[in-house]
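Scroll down for the structure; my scribbles are underneath it.
The values are calculated or read from the model by the stated rules, or taken from the named source; none is laboratory data. The shown structure was predicted, so the numbers you read here are calculated from the model rather than taken from an experiment. So basically every Cβ, Gly included, is an ideal-geometry build from the backbone, and we count neighbours across all protein chains shown. In case anyone asks, the SASA skips ligands and DNA or RNA and just uses the protein heavy atoms, side chains included. Shrake-Rupley method; radii C 1.70, N 1.55, O 1.52, S 1.80 Å.
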Amino acid sequence: MNQGTFKEIVDGRNRISYHLIAGLGACVLTTLLWASDMALKQATAATAFVYLLLVMGIGPAMRLWWRPYLRKLPYGIPYRWRGELGIWFAAFAALHVLLVWHGRVWQILPLRHSDLVGLVALVWAIGLAATSSGKAMRLLGIKPWKWFQSTGAYVLFSLVAVHTLYHAWLRPRFSPGMIGYVYGTLLLIVLILQIAAYIKTVLNAKRIRLKAWTRVLILVAMMAGFAGVGTWIGFAPSRDEKVLRVHQWLPEELVVDLRVQTAFNDREIFLRFQWDQPQPGGWYHDLLVFQDGRWQRYAAPDPWVVQGQSGFYEDRLSFKLDDGSVKGFANFAGWLTQHAGIRSNPDAVSREEVQAHPWLGQTLGRSDLRKYLPQSREGPWWAGAWDQVRSQQELERLKADGVFLDLVMWRAHRSNAMEYGTDHWILDYRHTDQGTITYRGQSWDEGQGPESMFDPEVVRRGALDIHKIYENPLNYRQDLFYSDRANWLGEHEPYFLHEDFLVPFDPEVAQWEGAAIPAIVLRKPEGSVGAWRARGIWQDGQWIVEMSRKLDTGHDDDKRLQPGGIYTWSPAVHHGSNERWHWVAYPYQLGLGPSAEQAGVEPRRYVQAVPFSGDSPAWDSIPIKTIPLIYPGIVDWTWLTSENHHGYREVREDALSMWDWHDEDPQRLAELFLMLK
């Protein structure tokens, strides 16, 4: 072997200029990937992966193609760069591990098999980088040094390939996406190069010359591989389309800021909410429309939410409230109530399974699975299997002990016009409080039409005009309330159908192209379900909603509040669709009087209700707390407590909070949730 050939195969020199270029390239690549919405720990991993593939591809390329031509390339490209690229691979691999470790609050355990493989790969990478120098070559001797570098590189490549393929393809509840296909294709190209170079080496040893056309064929195969990657990138579904398959519809904004004010007197608590909602029309809901000669139901999603859709679903605001009785809620808020099988998840339990269940179906008469607390199921407090419901006696005991959540909703259509909210509680199911809720449905038939229509003296021709709604949702005013009807009846047509406004359906009056009649009929609430008063106005691209309730309603399905008390509270807003198309908050502490310092709570996690005297608060004098709400994807309690989640042990012990582990930019956390399938 002559000296030139030896230098092309064995390069023990490290040049400062090459290191600067390689390091700068790694930083630029990482920055570009990070700027393209990839998490920083993933961007560093991708950069390290690319550098390792370059290192592993240079040797085979030198053997397969005409060395004289490659020698003419400037700056020793490519063979003199392997050492520098390898060292920077090790540096960014170590940075990736540190970022992952930081994301786990510096806790190494528990380790999954893929984590162990990654750590072993990092040890090999550090060993190879530490010996990638002329001094190490002279110390070990050329042959031992070359054997360690060559064998170690193949071991390292194998470990990284296993680690990468697992994270891109094999993780439970994860979708590979475009990046998985890119990783797989690049690994395959390097593998083909290595095999082809080995075959050529064997042939050369037997003095069999590899024909030029064979090398051209290998080059064409490689180019085809790169073309395949490019084609996949060009024709792969966009981020929105991929999420559409999993989440049905992806909001334009993953984070919504909710501005909150709270106050109380000696009798009631008051809350005021404001959030931007530039798309009007959130007060329409579930319309029965006569179109193309038949009656059709226009439900979720709204046309201004998903292009091409024709349905209507009201905007909503909700919040969960607890007095400290529910284990886990102070750390995980609404995530505690979301489980595998819930109706809003891709793995939703079938209607038939729920109806056949002894408690949910045969006793409660339910046909779908909704929010519930894991404590309502058999086994450890966190287990929560949907069908393992505790006995009725045990559920009643839990309820009596306060182990339930108050769930309060303001609904832009189904309750707002009546100036009420709707009150619910969560234990074994999402129950509605006792009494009569603000709405009911009406029956309808595709051919015969709905049961009822508007009184023609209230709404001309007995129905709303769907074309006017599509043209401008403001054609029917939102700020019409039933209690003020004496001021607007006869002048404005209401968007809502009330029991006082309806008459039996008459096709001679209300069956015309574009006729729209709400499938929901409003009424005055009675009992505990109407404990919350609420009034919302949409104006200038935002909702302003005010709510109030007695501190002690006297109902056993409401949490009792008192001055000086501190409660766990988590709000959410919903827009244009049902199920999990909403934005949610972390758990906050709501204090009736005490400041954050007095309560011993970090200020950003605390909402202070200000005491006042009189009948209603002066909102202008009460400070505003801005709470970021994030789109939660379909992350649920089942996954958080499973071994697929790194922090599952701490979650099961209620020793970890969403604040502790995911104390990061809300936008990036929402994007992380979207990666979960």
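At a glance:
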| quantity | calculated |
| --- | --- |
| Accessible area in the full protein assembly, largest first, 1.4 Å probe, for ARG485, ARG370 | ARG485, ARG370 |
| Above-threshold pairs, the threshold being 23 Å between Cα atoms, out of LYS399/LYS559; LYS327/LYS559; LYS371/LYS524; LYS327/LYS371; LYS399/LYS524; LYS320/LYS550 | LYS371/LYS524; LYS399/LYS524 |
| Net charge of Cβ neighbours under 15 Å - reference VAL50; Lys, Arg +1; Asp, Glu -1 | 0 |
| The range 542-571-the range 123-144 distance, computed between alpha-carbon centres (Å) | 67 Å |
| The range 309-400: C-alpha gyration tensor shape, a/c 1.5 cut-off, then a/b vs b/c | oblate |
| Label-point gap, in nm, between ASP455 and VAL123 - each point 7 angstrom along Cα→Cβ | 8.2 nm |
| Solvent-accessible heavy-atom area per residue, rounded to whole Å², over the range 543-594 at 1.4 Å | 28 Å² |
| Extension gain, ARG560 back to GLN388 (0.36 nm per residue minus Cα-Cα distance, nm) | 59.0 nm |
| Computed over the range 526-677, the ratio Rg/Rh where both radii use C-alpha atoms and Rh is Kirkwood | 0.98 |
| Sparsely packed GluC sites (Glu not before Pro) within the range 478-547, loop by DSSP, other Cβ within 10 Å at most 14 | GLU491, GLU499, GLU513 |
| Gained length - ARG297 relative to ILE544, 0.36 nm times residue gap less alpha-carbon distance | 86.0 nm |
| Protein-only accessible surface order, largest first, of VAL459, VAL601 at 1.4 Å | VAL601, VAL459 |
| With DNA, RNA and ligands ignored, accessible area of ASP276 (1.4 Å probe; Å², nearest 10) | 90 Å² |
